[in-house]
1. Extension gain Arg252-Asp352, at 0.36 nm per residue separation less the Cα-Cα distance, in nm?
2. Which order results if Val423, Val214 are arranged by neighbouring Cβ count within 10 Å, fewest first?
3. Show me, bin by bin at 10 Å from 0, the whole-percent P(r) of region 320-432 based on Cα pairs.
4. Given charges of +1 on the Cβ of Lys and Arg and -1 on the Cβ of Asp and Glu, with all other atoms neutral, how large is the dipole of region 5-123 about its Cα centre, in debye to the nearest 20?
5. Based on a Kirkwood Rh over C-alpha pairs, give the Stokes-Einstein translational diffusion coefficient of region 382-431 at 10 °C and viscosity 1.306 mPa s in µm²/s.
6. What value in Å³ per residue do you get for the convex hull of the alpha-carbon atoms in region 5-123?
7. As a quick test, which of the pairs Lys63/Lys107; Lys333/Lys381; Lys75/Lys112 have an alpha carbon distance above 27 angstrom in this structure?
8. Would you list Lys63, Lys112 from fewest to most Cβ contacts within 10 Å?
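No lab work stands behind these numbers, since they all come straight from the coordinates. Every value quoted in this text rests on a predicted model; they were computed, and no experiment measured them. Cβ: placed from backbone, ideal geometry, glycine included. Neighbour counts: every protein chain shown.
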Amino acid sequence: MSKATFQVENDDASRVTRAWVLHPDIKSDPNRRLADHGLAEAISLARALPELEVVGGEVVPLKTVRAGMLFGSGKIDELHDALEDKEIELVLIDGPVSPVQQRNLEKAWGVKVLDRTGLILEIFSDRAATREGVLQVEMAALSYQRTRLVRAWTHLERQRGGLGFVGGPGETQIEADRRAIDEQLVRLRRQLDKVVKTRALHRAARAKVPYPIVALVGYTNAGKSTLFNHLTGAEVMAKDMLFATLDPTMRRVELPDGPEVILSDTVGFISDLPTELVAAFRATLEEVLAADVICHVRDISHPETEEQAQDVREIMTSLGVEEDRPSFEVWNKLDLLDAEARDAVQVRADRDDQVFAISALKGAGTDALLAAITTQLQGAKREAQLHLDFAEGRKRAWLFDQDLVETEQQTDSGFDLTVRWTVQQEAQFERL
């Protein structure tokens, strides 16, 4: 089998839809990447949907994109025969496909066609667990679907009569469909606004017990959830699968010799993330915007780790995360490298105080990472409750001199105080 085509072993009989993945390798694309790795990622995306049996895929070299069919007529015919031989029901094209191209390809091949955006939306729809996540995916899917309303099927070409209450006689079915989608989007936005307000209240409540937030971000399947589980002892879904984590997960963690923090595991980023989802998941990623420290987890064993890292940086910038936000790069999956490559990566990481080479699976290197986070957060304030006897006037005066007291209540035995202080200030207080 050629380098650009390969079969996928799959013994899961429960998957009912036979799918084939095509990765268009467009020579004129300035952002073109290694075709084989692009195909491998696309197949991994497809395999993230349990109802698909991913038979395999291939790279399709293209000099230019054909406006009406994407591929040339010869390739269309060749693929038609191959898809028929393999009894393929769904073709997944790793890239953007216009509504017209989708219609023409479905007609030529006699199968359903889905582009990269549609596939990612399907995965998100399958994985969303929280109410907010479900609403955001529904809105993104509707926005995407609205662009797909072309005169592709007979029911979209007929005239709608009706009673004239909505749209009036003569409104085309495509206009009625758009109207229905727009109305549903309005309803979803109202529901989402309520959920977002609830999240804001939860954030406000956490702010009253202000644990610093440490957010894990990175390309999908970089190992964020594995690292999260190792550091927290939680059991977040962590698989060798794209988008294994969708909704944000947070746990309280006590750093060694440092403050307690809230560790946040977030949805993974990916190249060419649909714009609908970048906007829709802005609220979900608010924990990143509020983070005191960001840990950018990278799969250092991946051949395109640098390109993946750049994708993450660009999405972070689009979300409004400042470049000067305290952050560390976490080079994960050392265990997948051979000894020579592992040593080389470790040497590179040791030269930069902001970079840590680790294996989240084995736990190697995580102690140094936690120590660096602790040092970074030494200036972060947290709340504490104190009781001082009447005889401890010196300590009480010091707290007020440092402007650390939030509230104070006198009791029969002394004073109950709520203070906000850093780790250093707490240590100073203990030495008084």
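1. Values: separation 100, 0.36 × 100 = 36.00 nm, distance 2.81 nm.
Contour length minus the Cα-Cα distance gives 33.2 nm.
2. On the way: Val423 19, Val214 24.
Result, fewest neighbours first: Val423, Val214.
3. 12, 29, 19, 17, 15, 7, 1
4. Working: 14 positive and 21 negative charges, 129 e Å.
Using Cβ point charges on Lys, Arg, Asp and Glu, region 5-123 gives about 620 debye.
5. Values: Rh = 10.9 Å.
Diffusion coefficient, whole number: 146 µm²/s.
6. Values: hull volume 11.5 nm³, N = 119.
With only Cα atoms used, region 5-123 gives 97 Å³ per residue.
7. Values: Lys63/Lys107 23 Å; Lys333/Lys381 33 Å; Lys75/Lys112 17 Å.
Long pairs (Cα-Cα over 27 Å): Lys333/Lys381.
8. Values: Lys63 9, Lys112 15.
Fewest to most other Cβ atoms nearby, the residues stand as Lys63, Lys112.
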